[in-house]
Amino acid sequence: MQVEHDTDTHRFVARAPSGPAVLAYRLKGPGLLELYSTHVPEPDRNQGIGSRLVEAALGYAREEGMRVIPTCPYVSQWIREHPENADLVVAR
């Protein structure tokens, strides 16, 4: 499944069978992204779509030399389960 980065609306979007799955972010300063909301349509949950969104967002942050603030509970939990990405997280 392909994830698109919509820089105009600050979202990573995957076309799930039941509709768009979205991870939304805000720019919180130079080199800093707040990942604040993830939504996957209910019929499409538990199929790895949310993971793909988080992977795309973190991959983008890493490529651009950015750090992240994971205020979305799903993103926070995902990063805890994948500690190899903890270096991208800004300590609060």
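The values are calculated or read from the model by the stated rules, or taken from the named source; none is laboratory data. Given the structure is predicted, the values throughout are model-derived calculations rather than measurements. Positions of Cβ are backbone-derived with ideal geometry, glycine not excepted, and every protein chain shown enters the neighbour counts.
Structure data summary
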| read-out | value |
| --- | --- |
| Counted residues, the stretch 73-92 - those being modelled with pLDDT of 95 or more and closer than 15 Å to residue 32 by Cβ | 4 |
| Leading residue by the ranking (nearest to residue 64 (Cα to Cα)) among those in the stretch 27-38 that are surrounded by fewer than 19 Cβ atoms within 10 Å (Cβ to Cβ) and under 11 Å from the mean Cα position of the chain (by Cα) | 36 |
| Count of residues meeting criterion [assigned to a loop (DSSP other than H, G, I, E, B) and in contact with a strand residue (DSSP E or B) (Cβ under 7 Å, 6 or more places away or on another chain)] in the stretch 11-69 | 5 |
